[in-house]
1. When only C-alpha pairs under 8 Å and at least 6 residues apart count, what is the relative contact order of chain B, in percent?
2. Work out Dmax and Rg for the stretch B:58-179 from the C-alpha atoms and quote the Rg first, both in angstrom.
3. Taking amide H atoms as placed 1.01 Å from N in the peptide plane, list the residues 5 or more away in sequence, or in a different chain, whose amide H sits under 5 Å from that of A:TYR120.
4. Under 5 Å between amide H atoms, partner at least 5 residues away or on a different chain: which partners does A:PHE146 have, H built in plane at 1.01 Å?
5. For every other residue with a beta carbon closer than 12 angstrom to the beta carbon of A:ASP93, add +1 if it is Lys or Arg and -1 if Asp or Glu, then tell me the sum.
6. Let me check I've understood the local charge: for A:ARG160, count other residues with C-beta under 9 angstrom from its C-beta, Lys and Arg +1, Asp and Glu -1. What total comes out?
7. So for the pair A:ARG207, B:ARG100, with labels modelled 7 Å out along Cα→Cβ, what separation do we get in nm?
8. Using a 10 Å cut-off on Cβ to Cβ distances, tally the other chain neighbours for every residue of A:65-77 and report the average as a whole number.
Amino acid sequence: MKKAVSLRISAVVALCALAWGAQAAGSQPARKRAAAHAAPQEAVDRMLARVFRAAEVRSRVTITRSDPFGGPGERSQGRVWFLPGRGLRYRSDEKGGEDIVVDREQRTFLVYRPSEQVVYRADWDRAPARMRQLIEEPERILEAKFRAARERRHVGGVWREGYRMQRATLGDSLPSVAVWIAADPGTGLPRWITAGGSEDSIDVEFRSLTILPKAVTGDLHLSLPHDVRTEPLDPRDLLPGGESR
Amino acid sequence: MVLASGCARLPKQSSGSRARDRFLAAYAAAHGPERGVAAISVKRAGKGQGSARVRWAANQESLAVIGYVGPTRALDASLQGDELLVLVRHYDVGVSGKLRREEGLDGRLLRFLATPWDFGLPRVRGALEHAAIEPAGGGWRFQGGIEEGGRFTLELSERGEPRSLSLRAAGERGQEIRVRYGPERNYTAGRIPGWIEWSFSGSVVLLTIEDFAPVDASKIRYRPAIEPEWRMLALDEPDGSALVRWLLGIDEGGTAEP
């Protein structure tokens with residue numbers, strides 16, 4: 001349970017998926033009104049259920065990450081496909097960006113780097129633990145106990161109504177991370193999430209978020225050029241900073 | 001770090017002692033805390049190439065580094081003297097403890113090698129003050145030792161800018177690390193090379209510096225929050241030592257993997 005509610009700033013992809021789930025209500029006006037008047041906890045629960053019980057969720061994302069040392073932040077854009085129970089894919093739109101696929105059924109963890117013309121392949125078990133948990137046990141997110149409170153924040157030049165979420169069980173070694181989520185006022189679907197701690201923060205905006213009635217498993221399929229090499233995924237390829245700094 | 005602004009375009013020095021004085025004044029002056037942002041790529045012999053982004057902040061003998069893979073904060077590392085902390089966030093695992101020179105991991109040498117343009121570190125400056133200097137290729141060559149850490153050769157251009165550094169760690173199996181310095185660029189915190197390249201045992205690591213600026217020392221966190229479910233290893237236990245060597249590409253004999 002503790003792991004399921006661990007809203008860590010380090011697991012950005014997990015946060016993205018959580019953000020979908022942590023958002024409010026549906027697209028129907030009546031539902032939006034109902035959500036607006038519901039208790040925060042109830043509203044958040046409903047949002048979580050909508051996403052984590054979906055067949056598939058697709059979205060464009062803009063991720064802005066702060067510099068822990070006080071420098072300017074960094075912004076990147078990409079797309080996310082989340083198939084609860086089946087897999088997760090994040091594809092960066094940035095030059096040299098990666099395409100990452102975790103597929104539970106295929107038992108694979110793939111990282112494609114177009115700039116290197118290499119796809120790094122590993123078993124499912126080598127995917128980050130948080131990502132696997134999100135895919136395997138989305139229900140645990142729904143069962144997790146956290147507290148939600150209404151809070152307005154200034155996002156994109158406008159004050160937005162949203163919810164601040166915290167772990168319910170204090171007294172343990174609670175990470176000092178606060179998560180805030182707000183819905184797109186036009187659709188009621190998740191739009192903004194901010195996770196901030198004492199060290200850094202990350203803002204994620206979900207644009208054109210779509211919940212599909214049926215999963216398209218082909219969304220987890222990497223379309224690779226013929227000359228792409230496949231290499232085993234050695235975590236040092238992902239963590240070269242450890243070699244020099 | 002290094003250069004006070006305006007010190008970069010150095011005239012050719014007519015004697016070794018003048019070249020040394022000028023180099024120390026320009027490149028080994030005391031300075032405040034600094035931070036940077038860079039792209040890093042790694043090529044290993046017989047293997048592929050990896051790349052990532054890093055942010056770092058340094059204050060005297062201490063250094064904090066964060067590595068990002070795509071949008072994810074993947075790795076935290078810090079060095080405070082001989083105290084090392086590494087967190088591999090992707091795998092909820094970390095290691096901490098004291099580096100021991102006799103085991104092939106010298107913390108202060110690692111600190112210098114991490115930012116090899118910073119000749120102001122006391123130990124490094126002291127070594128340069130006592131190094132032999134001779135003309136070489138139109139520029140100058142320093143040769144000496146960094147205490148018990150190892151022997152070094154530093155070559156300067158005819159303008160007195162660092163061009164290459166070779167450092168061989170102490171001991172029979174001491175690993176040789178070579179550093180090449182790219183042309184200097186102006187940054188907020190001064191002039192430093194636009195890129196640095198490390199070579200060791202067939203591996204080549206290239207750091208392309210994008211931003212380099214002063215930082216408030218209070219913003220540098222060397223000990224990030226550690227979550228209870230992470231597996232933390234001690235550096236003096238076999239698994240911890242193995243993790244650090246694995247990340248650094250060093251085998252049990254103290255040399256990098258071929």
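Each value in this text was obtained by applying a stated rule to the coordinates, not by laboratory testing. Only a predicted model underlies this, so the values are computations on that prediction, with no experimental measurement involved. Positions of Cβ are generated from backbone atoms using ideal geometry, with glycine treated the same way; all protein chains shown enter the neighbour counts.
1. Here the relative contact order equals 22 percent.
2. For the stretch B:58-179, the Cα-based Rg and Dmax read 16.4, 51 Å.
3. A:VAL111, A:TYR112, A:ARG113, A:GLU231
4. Hits under the 5 Å cutoff: A:ALA168.
5. Net charge around A:ASP93: +3.
6. In short, +2.
7. According to this spin-label approximation, the distance is 5.5 nm.
8. For peptide A:65-77, the averaged partner shielding equals 6.
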